[in-house]
Amino acid sequence: MGTESVTALATTDLIVGGMTCAACVKRVEKKLGRLDGVTATVNLATGRARVSHPVEISSKDLVAAVEKAGYSAALPEPPRKPRCADSDKAQEPQEARRDRDRLLITALLALPVLVLSMLPGLQFRNWQWLCFVLAAPVAVWGAWPFHTRALRGLRHSAATMDTLVSLGVAASFSWSVYALFFGGAGDPGMRMPFSLVPSASDGVAHLYLEAAVGVPLFVLAGRFLEARARRGTGAALRSLAQLAAKEVSVRERGVERLISIEELGAGQDFLVRPGERVATDGRVVEGGSAVDLSLVTGETEPLEVGPGSAVVGGALNAGGLLLVRATAVGADTQLARITRLVTEAQAGKARAQRLADSVAGVFVPVVLALAVTTLGFWLGAGADPQAAITACVAVLVVACPCALGLATPTALMAATGRGAQLGVLVTGPQALEGLQHLDAVVLDKTGTVTSGHMSVARITAVPDGLGRDTVLRLAGAVEQGSEHPLGRAISACARRELGEQLPQVGEFGALPGRGVRGRVDGRSVEVLAPDDELPAPLRDAMAVAEAAAHTPVLVRVDGVAEALVEVGDVVRPGSYRAVDRLRRLGVRPVLATGDREAPAQAVAMDLGIDEAHARCTPEDKADLVRGLQKRGHRVAVIGDGVNDAAALARADLGIAMGSGTDVAIGAADVTLVRGDIEALADAVRLARRTLGTIRVNLFWAFGYNAVTVPLAMVGLLNPMLAAAAMSASSVLVVANSLRLRGWQPAPARRRTR
């Protein structure tokens with residue numbers, strides 16, 4: 001029974017409408033959580049709920065539960081055919097335009113009321129009746145969204161920020177109506193001084209029309225600015241979506257035709273012209289070019305590609321015409337995976353935000369109780385009724401849990417979007433917290449700190465011989481017929497460095513256990529394992545190769561030793577900088593590899609890593625992680641293969657190379673898209689900056705209420721100023737989060753070796 005409940009779970013995303021504060025978030029989560037086996041995480045900034053539920057509970061049940069809480073809910077729309085950018089712009093801001101229009105009309109009506117109420121010198125005969133005429137539509141129509149949501153919450157026995165704003169506006173306006181019609185304030189010659197704090201009436205009831213219009217004006221303005229800023233935090237995610245091609249030119253049987261991207265299938269050949277984006281992941285069949293991957297992987301330098309090279313969907317073709325064969329389409333592409341990971345990461349919550357949401361769940365009822373207590377205390381102490389009501393209204397207006405609900409999601413949206421632009425994908429706030437506290441990292445060798453494939457590390461030619469390039473050309477030509485990894489590395493190096501077609505080889509033959517031989521341009525060429533009879537320069541090169549754990553290969557031309565070629569798995573250039581930067585961040589690097597002792601120690605020495613473990617099985621790597629954890633370290637593991645999956649899962653934080661296997665990526669918490677561990681240092685610094693931003697946001701959100709609510713209770717805060725302060729708190733939190741969008745990695749210092 002227990003196993004069945006664990007395995008029969010599904011995940012559904014819902015779009016939730018009508019949420020305005022952290023109290024709304026808590027209420028939706030609580031309502032969904034009352035369904036058997038259902039857990040939900042609701043994000044105020046994105047307006048989405050991620051729900052884990054038993055498969056027998058349908059999406060209709062989830063939508064109904066949200067609606068019972070007093071909010072709207074719907075399933076996200078399925079992907080549609082891409083629209084043009086102008087169409088997107090026209091459709092997106094419909095709700096934003098309505099909010100803007102309401103704000104503008106409210107401002108036009110409210111500003112004269114504010115000016116006349118705050119500047120007694122401008123108050124003319126019957127000025128108060130003009131203010132009343134202008135304030136009435138603001139208090140009713142301008143504040144209508146708050147009134148409707150407050151009534152909807154009342155029907156569901158819920159109190160939110162809208163309840164506080166609605167009560168504040170209604171109380172201010174109702175008192176002003178009483179003052180005008182029954183309290184003597186309607187006298188044609190009445191003048192009213194403006195005070196920042198409540199005061200006694202002196203026989204004439206004061207008007208609070210400035211509060212009745214100021215509260216909705218400032219809250220609407222704050223909401224409008226906040227919504228614009230929140231849309232800005234998702235800009236990186238939208239830019240990823242815009243990388244996807246809309247149409248693609250396919251070539252079939254020599255005929256070219258234009259089709260929509262949804263019709264493209266794996267195995268089809270498509271064209272990428274200069275200036276176009278690669279439609280989907282694939283492999284180059286014909287042509288050569290430089291492709292710009294900066295928006296996909298964060299790699300700033302263009303990558304040269306040719307026949308056989310892999311290309312990523314969304315990359316920009318900066319050079320020649322390419323014919324590409326699609327290897328992955330739709331949701332299987334790297335761009336789709338990046339977008340999915342970023343979206344999922346933004347749905348999570350940090351530990352601090354979960355605490356804030358718990359507080360927000362009881363915050364509004366507590367504020368209502370404080371407002372009633374304030375009113376009762378002032379009246380009981382014999383204070384003027386209008387001063388008591390003003391203090392009560394100020395408490396209602398100033399206490400807003402909006403900032404609490406926005407503290408984490410806005411920072412997380414900005415940070416994950418910025419991380420994606422830099423080639424760092426995190427699965428959520430838990431991964432960011434893990435990166436922040438990291439103090440040890442276990443590095444795999446092959447494919448992580450090294451390139452992962454055999455290549456020529458060094459060529460030492462005999463002085464006064466044929467010369468390096470000539471020897472490389474002859475050796476590369478002979479090795480064209482070899483399938484051995486060493487031979488392929490030499491021929492690839494010759495083609496790359498010489499940039500010319502290698503000559504044909506004749507009389508090719510293998511020397512069992514030694515190498516290959518052949519005739520090139522009339523010369524007898526042998527590429528084989530070195531023997532003891534080597535010239536002095538090559539003997540020195542041999543010692544260097546053995547110290548570096550490279551494989552030495554001797555090239556003989558017409559029986560004369562001409563050069564020694566060192567072949568090995570070379571260290572990535574970025575690995576030197578990465579290890580240095582990690583040390584400066586207080587993170588200890590440890591090398592673990594399944595390779596032999598000599599190559600492991602050589603790479604460790606080259607990188608300056610003190611601790612290296614060779615011949616590690618997957619179990620050994622997991623045991624190494626466990627041992628470091630027992631010594632009190634917070635351990636991350638970086639790997640790219642199936643053999644790293646166990647260690648990745650066992651670590652406090654698993655980090656996969658974007659070029660690695662799906663198993664490694666699936667077991668990881670962080671993926672380095674561009675396959676360069678130097679990005680890890682950027683990820684650590686971004687995580688520390690993000691969590692620091694979240695802490696500042698939450699400190700401000702809690703501190704703001706801790707200061708302003710007591711001030712309002714003792715009558716030191718005017719309701720209008722309370723509304724302005726409340727709106728400013730949310731805007732400041734979002735603006736602070738937006739600073740992460742411009743975060744830049746620190747330039748790395750070059751290492752001298």
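The values are calculated or read from the model by the stated rules, or taken from the named source; none is laboratory data. Quick caveat, the model's predicted, so the values are computed rather than measured. As a convention, Cβ positions derive from the backbone with ideal geometry for all residues, glycine included, and neighbour counts pool all protein chains shown.
For this structure, a couple of remarks:
- Which numbered condition Val557 misses (of (1) modelled with pLDDT of 90 or more; (2) crowded, with 22+ Cβ neighbours inside 10 Å): (2)
- Region 475-593 holds strands (runs of 3 or more DSSP E) entirely within its bounds, and those carrying 1 or more residues that are of a type in the set (S, T, N, Q) map to 523-528, 551-557.
- Each residue in region 115-138 was checked for being within 17 Å of Leu180 (Cα to Cα), among the aliphatic types (A, V, I, L, M) and at pLDDT below 90, and 1 of them qualify.
- Assessment of region 509-522 against the conditions (among the aliphatic types (A, V, I, L, M) and either surrounded by fewer than 18 Cβ atoms within 10 Å (Cβ to Cβ) or under 30 Å from Gln601 (Cα atoms) (or both)) yields at least one matching residue.
- Tabulated pairs, region 142-162, first touching a residue at least 60 places away in the same chain (Cβ under 8 Å) and closer than 20 Å to Gly214 by Cα, second among the hydrophobic types (A, V, I, L, M, F, W, C) and in a loop (DSSP other than H, G, I, E, B), C-beta under 6 angstrom, 6+ apart or interchain: Thr160/Cys21; Met161/Cys21; Met161/Cys400
- For Ala420, the requirement of being buried (at least 24 other Cβ atoms within 10 Å of the Cβ), within 19 Å of Arg741 (Cβ to Cβ) and either small (Gly, Ala, Ser) or modelled with pLDDT of 80 or more (or both) is met.
- Residue-level analysis places Leu404 outside the set of residues that are modelled with pLDDT under 75, not assigned by TED's automatic domain parsing to the domain that holds Leu717 and not aromatic (Phe, Trp, Tyr).
Quick grid of which residues meet (1) surrounded by 15 or more Cβ atoms within 10 Å (Cβ to Cβ); (2) modelled with pLDDT of 70 or more; (3) assigned to a helix (DSSP H, G or I); (4) among the hydrophobic types (A, V, I, L, M, F, W, C):
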{"site": "Gly214", "(1), (2), (3), (4)": "yes, yes, yes, no"}
{"site": "Phe218", "(1), (2), (3), (4)": "yes, yes, yes, yes"}
{"site": "Ala227", "(1), (2), (3), (4)": "yes, no, yes, yes"}
{"site": "Ala236", "(1), (2), (3), (4)": "yes, no, yes, yes"}
{"site": "Leu240", "(1), (2), (3), (4)": "yes, no, yes, yes"}
{"site": "Gly275", "(1), (2), (3), (4)": "no, yes, no, no"}
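- Residue in region 129-149 that is buried (at least 24 other Cβ atoms within 10 Å of the Cβ), among the hydrophobic types (A, V, I, L, M, F, W, C) and farther than 27 Å from Ala96 by Cβ present: yes
- Residue in region 196-212 that is over 22 Å from Leu396 (Cβ atoms), at pLDDT below 80 and small (Gly, Ala, Ser) present: yes
- Look at (1) in a helix (DSSP H, G or I); (2) modelled with pLDDT under 75 and you find that Leu412 fails only one, number (2).
- If you go through region 312-371 and keep only what is assigned to a loop (DSSP other than H, G, I, E, B) and modelled with pLDDT under 70, you end up with Ala347, Gly348, Lys349, Ala350.
- Options Pro537, Pro530: the member that is without any contact (Cβ under 8 Å) to a residue 40 or more places away in the chain and not assigned by TED's automatic domain parsing to the domain that holds Gly288: Pro530
- Matching residues, region 25-60, being part of a strand (DSSP E or B) and more than 27 Å from the chain's Cα centre (by Cα): Pro54
- Test for Arg83: is it modelled with pLDDT of 80 or more and outside the structural domain of Leu721 (by TED's automatic domain parsing): no
- Odd one out for Pro503, checked against (1) farther than 21 Å from Thr470 by Cβ; (2) in the same structural domain as Asp464 (by TED's automatic domain parsing); (3) modelled with pLDDT of 85 or more; (4) not β-branched (Val, Ile, Thr): (1)
- One residue stands out in region 588-602 among those that are modelled with pLDDT under 85 and not acidic (Asp, Glu): the one that is surrounded by the fewest Cβ atoms within 10 Å (Cβ to Cβ), namely Arg596.
- Of all residues making up region 619-633, the number that are surrounded by 17 or more Cβ atoms within 10 Å (Cβ to Cβ) and of a type outside the set (D, E, K, R): 5
- Per-region count, region 279-311, residues in a loop (DSSP other than H, G, I, E, B), at pLDDT below 80 and surrounded by 17 or more Cβ atoms within 10 Å (Cβ to Cβ): 4
- Residues (modelled with pLDDT of 80 or more and surrounded by fewer than 19 Cβ atoms within 10 Å (Cβ to Cβ)) located in region 437-454: His437, Asp439
- Residue check for Leu717: part of a loop (DSSP other than H, G, I, E, B), modelled with pLDDT of 75 or more, out of contact with any Lys or Arg (no Cβ under 6 Å at 6 or more places or on another chain) and crowded, with 21+ Cβ neighbours inside 10 Å: yes
- Looking only at region 458-474, and only at residues there that are charged (D, E, K, R) and assigned to a helix (DSSP H, G or I), the one that is surrounded by the most Cβ atoms within 10 Å (Cβ to Cβ): Arg473
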